[in-house]
Amino acid sequence: MPRPAAADCTLVFGQGRHVDAADTEAARQWDGINLAFNQRVAQVLGERGETALPLVARVAADDPATTVRAVIARAEDAGCVRIVETTVFADTEAGALVARLREYPLLQAADGRPRIGAPRHTVERQFDLSGATLERVRPAALGAQMAAELVEQRAARR
C-alpha cells in the first residue's frame with residue numbers, strides 16, 4: 001500500500017543511455033558512472049533534509065515503458081512527490097558528454113493513477129566527448145555540484 005505523499009521525498013532515478021548493451025565493458029563503465037552520479041545526487045539532497053531514495057537502472061534495461069512504470073510505482077510506494085532524473089551519457093552526434101538532472105513532479109492523473117509531470121528544473125553540463133574527458137570527469141563530484149545547483153533553483157523559484 002502506498003504511503004501518503006511527503007513534501008520532502010524525492011525518488012532519484014538514473015540510467016545510462018545510448019550504449020550497446022551487448023558491449024559489456026562499455027555498459028559496465030556507463031552503469032558505474034551513472035551509479036556514482038546518482039548516489040551522490042541522492043546523498044546531497046538527503047544532507048539538505050529531504051528523503052532521497054536512489055534508484056538506478058542498468059544500461060541493459062531497454063524497455064522505457066517498463067522502466068517508467070517501475071519508477072512511478074517505487075515513488076508512489078515511498079510517498080514521494082517528485083522524481084529527480086540523473087543521467088550521464090554520450091551524445092555522439094553533438095560530440096558531447098552530457099550530465100543532466102531534471103526534476104519532475106509526481107502528479108495524479110484524472111483517472112487517479114500517478115503520472116510524471118513536465119520538468120520543473122534542469123541542471124545540465126556538456127563537455128567535449130573524448131577519452132581524456134571521460135578520464136577527467138568525476139561523476140560523484142559532478143553530482144554533488146549539480147545537486148547543489150538544483151537546490152538553488154528550487155529556492156529561487158519560491
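Simple point charges give the picture: +1 on the Cβ of Lys and Arg, -1 on the Cβ of Asp and Glu, and for segment 1-104 a dipole about the Cα centre of about 300 debye.
Relative to the longest principal axis of the Cα atoms of the chain, the long axis of helix 64-78 lies at roughly 50 degrees. When only Cα pairs below 8 angstrom with a gap of at least 6 residues are kept, the chain shows a relative contact order of 27 percent.
Toward the positive end of the charge dipole of segment 1-149, about the Cα centre and with charges on Cβ (Lys, Arg +1; Asp, Glu -1), which of Gly131, Ala65, Ala110 goes farthest? Farthest towards the positive pole: Ala110. Applying 0.36 nm per residue to the separation of Asp20 and Asp128 and subtracting their alpha-carbon distance, the gain on full extension is 36.8 nm.
For n ≥ 4 DSSP H runs only, could you compute -39500 (n - 2.57) per run for the chain, divide by its residues and tell me the 222 nm figure to the nearest 500? Could you put the intermediate results ahead of the total?
Details: 4 runs with 64 residues, N = 158.
For the chain, the value works out to -13500 deg cm²/dmol.
If you plug the beta carbon distance of Gln153 and Asp63 into 1/(1 + (r/R0)^6) with R0 = 35 Å, you get a FRET efficiency near 0.65.
All of the numbers you see were taken from the coordinates with simple rules; none came from a lab. None of the values given here were measured: they were computed from a predicted structure. Positions of Cβ are backbone-derived with ideal geometry, glycine not excepted, and every protein chain shown enters the neighbour counts.
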